[in-house]
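Below is one structure; the comments refer to it alone.
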Amino acid sequence: MVRMTSAVDPPSIERAVTILRGGGLVAFPTETVYGLGADAANAAAVRHLFAVKGRPPDHPVIVHGGDASILDRWGRDVPALAGSLAERCWPGPLTIVVRRAAHVLDDVTGGLDSVGVRVPDQPIALALLQSFGDGVAAPSANRYGRVSPTSAEDVRRDLGDDVDLVLDGGPCAVGVESTIVDCTTDDVVILRPGGVTRERIEEIVGRPVRERRAGDQRAPGSTASHYAPRARVELVVVDALATRAKSLVDASRSVGVLAMAPLAPLPEGVVALDAPADVESFARVLYARLRAADARELDVLLVVPPPAVGIGIAVGDRLRRAARGEPEDDA
Ligand code: TXA
Ligand code: MG
């Protein structure tokens, strides 16, 4: 993983903590995407967070903490395997869903009896969470249905003055949201693929782990809605790229391409977005490229998905949702 340098500025952290304690909203960088944070123990603050995001109230939100004690403080009957996952993967891009402690607000869980918790691996996030000292509810810092932000600029453009403070940590190192693993039953299930692979989780818990199947119940409210970018995303195999691009250009569509280098020559007029060199950089730039497709007013973005290994599985998942017109998760 490429480490982005982002300096922790103590006065900004102090300001951010004051805002959170006062019920305000602070956007902060994590290693995955930027989060929009509110005091998870303050119902009014969490409701305000949902209002700003434009997200339906029955969607659960992840509680972020500065160390692994978040698991026992916000969860109950935490199984040993959840503790092992926390110990081995935190700080890091893994959200662990456990039964919720009695004090956890319905506003945070969307009324579920479980709660998702995570310790992010980002110095500014950790400084903020450790100074705040308790749980910070934080969905991705985008309006509902939009692409997740991977820079402070993305957050400002999307949320404007509705956020009290944006902590700038530069571009996110991972670029797609955390892996979510449900540990509420004996059957450990990956609800969303992300930076921590299934193989790694299986190695830690010492048993097979399955991915959510098409027919499985999803978290309430996480059904499909519209998806930005405005540009239609089409997934293509590399050999079909030039032919498909040509037929779209012939039909007067403005067409862009996102694929790992090297590419065969493309028909004239096709916009080749800067190509990621490997699967990790594909994940890191994915959301920025989707935004770029809109900034360039493309009608169609042709994407050759990266190989389905490591973080490539999460990239493929988000791309398939984008191509189907669903949010990247429930946005
Ligand atoms: O990487 C990330 O996870 C980022 C950063 C900011 O930490 N956060 C993020 O949050 O992606 P959000 O709200 O955009 O997505 C949270 C996902 C949703 O799909 C939600 O349904 C699921 O987590 N989730 C949260 N609590 C849950 C629970 N108790 N049970 C099942 N799913 C849950
Ligand atoms: Mg989101």
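The values are calculated or read from the model by the stated rules, or taken from the named source; none is laboratory data. Just so you know, these numbers come straight off a predicted model, no measurement behind them. Positions of Cβ are backbone-derived with ideal geometry, glycine not excepted, and every protein chain shown enters the neighbour counts.
Among the candidates Ala322, Ala288, which residue alone is at pLDDT 95 or above, within 16 Å of ligand 2 (Cβ to nearest atom) and of a type in the set (A, V, I, L, M, F, W, C)?
Details: Ala322 fails: at pLDDT 95 or above.
One residue alone meets the criteria, Ala288.
For region 173-189, state whether one or more residues are within 12 Å of ligand 1 (Cβ to nearest atom), more than 20 Å from Ala138 (Cβ to Cβ) and aliphatic (A, V, I, L, M).
Yes, the conditions are met somewhere in region 173-189.
Failed condition for Ala7, given (1) surrounded by fewer than 15 Cβ atoms within 10 Å (Cβ to Cβ); (2) among the small types (Gly, Ala, Ser); (3) assigned to a helix (DSSP H, G or I), with all others met?
Tallying (1) surrounded by fewer than 15 Cβ atoms within 10 Å (Cβ to Cβ); (2) among the small types (Gly, Ala, Ser); (3) assigned to a helix (DSSP H, G or I), Ala7 fails exactly one: (3).
Could you look through region 214-238, keep only residues that are away from ligand 1 (no atom under 15 Å from the Cβ) and touching a strand residue (DSSP E or B) at 6+ places or on another chain (Cβ under 9 Å), and pick out the one that is modelled with the lowest pLDDT? Lay out the reasoning, then the answer.
Taking region 214-238 first, the residues away from ligand 1 (no atom under 15 Å from the Cβ) are 214-215, 226, 229-238.
Those still in the list that are touching a strand residue (DSSP E or B) at 6+ places or on another chain (Cβ under 9 Å) too: 229, 231-236.
Details: Pro229: 82, Ala231: 93, Arg232: 93, Val233: 95, Glu234: 96, Leu235: 96, Val236: 95.
By that ranking, first place goes to Pro229.
Restricting attention to region 240-258, does a residue exist that is within 15 Å of ligand 1 (Cβ to nearest atom) and at pLDDT below 95?
Scanning region 240-258, I find no residue that is within 15 Å of ligand 1 (Cβ to nearest atom) and at pLDDT below 95, so the answer is no.
Using beta carbons and a limit of 8 Å, which pairs, at least six apart or on different chains, have the first residue in region 63-83 and on the phi > 0 side of the Ramachandran plot and the second one buried (at least 16 other Cβ atoms within 10 Å of the Cβ)?
What qualifies is Asp77/Val98; Asp77/Arg99.
What single numbered condition from (1) among the β-branched types (Val, Ile, Thr); (2) more than 15 Å from ligand 1 (Cβ to nearest atom); (3) under 17 Å from Ser178 (Cα atoms) fails to hold for Val315?
It is condition (2) that Val315 fails.
Tell me, which helices (runs of 4 or more DSSP H) wholly within region 41-97 include 3 or more residues that are modelled with pLDDT of 95 or more and farther than 17 Å from Ala27 by Cα?
69-74, 80-89
Would you point out which residue out of Ala295, Ala283, Ala275 is closer than 18 Å to Arg321 by Cα and among the small types (Gly, Ala, Ser)? Explain how you work it out, then say what you get.
Details: Ala295 fails: closer than 18 Å to Arg321 by Cα; Ala275 fails: closer than 18 Å to Arg321 by Cα.
After applying the criteria, what remains is Ala283.
Table: residues versus (1) within 27 Å of Ala152 (Cβ to Cβ); (2) of a type in the set (S, T, N, Q); (3) not assigned by TED's automatic domain parsing to the domain that holds Arg15.
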| residue | (1), (2), (3) |
| --- | --- |
| Thr32 | yes, yes, no |
| Trp90 | yes, no, no |
| Thr109 | no, yes, no |
| Arg118 | yes, no, no |
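Within region 107-118, does at least one residue satisfy the condition of being closer than 21 Å to Val17 by Cβ and under 16 Å from the mean Cα position of the chain (by Cα)?
Checking region 107-118: at least one residue is closer than 21 Å to Val17 by Cβ and under 16 Å from the mean Cα position of the chain (by Cα).
Here's a check for you: in region 100-136, which residue that is within 9 Å of ligand 1 (Cβ to nearest atom), part of a strand (DSSP E or B) and touching a residue at least 40 places away in the same chain (Cβ under 8 Å) is surrounded by the fewest Cβ atoms within 10 Å (Cβ to Cβ)?
Ser114
Exactly one of these conditions fails for Ala277: (1) surrounded by fewer than 19 Cβ atoms within 10 Å (Cβ to Cβ); (2) part of a helix (DSSP H, G or I); (3) not acidic (Asp, Glu). Give me its number.
(2)
Return the pairs, sorted by first residue and then second, in which the second residue is among the charged types (D, E, K, R), the first residue lies in region 15-31 and is without any contact (Cβ under 8 Å) to a residue 40 or more places away in the chain, the beta carbons are less than 9 Å apart, and the residues are 6+ apart or on different chains.
Pairs that qualify, where the first residue is without any contact (Cβ under 8 Å) to a residue 40 or more places away in the chain and the partner is among the charged types (D, E, K, R), are Gly22/Asp39; Gly22/Asp164; Gly23/Asp39.
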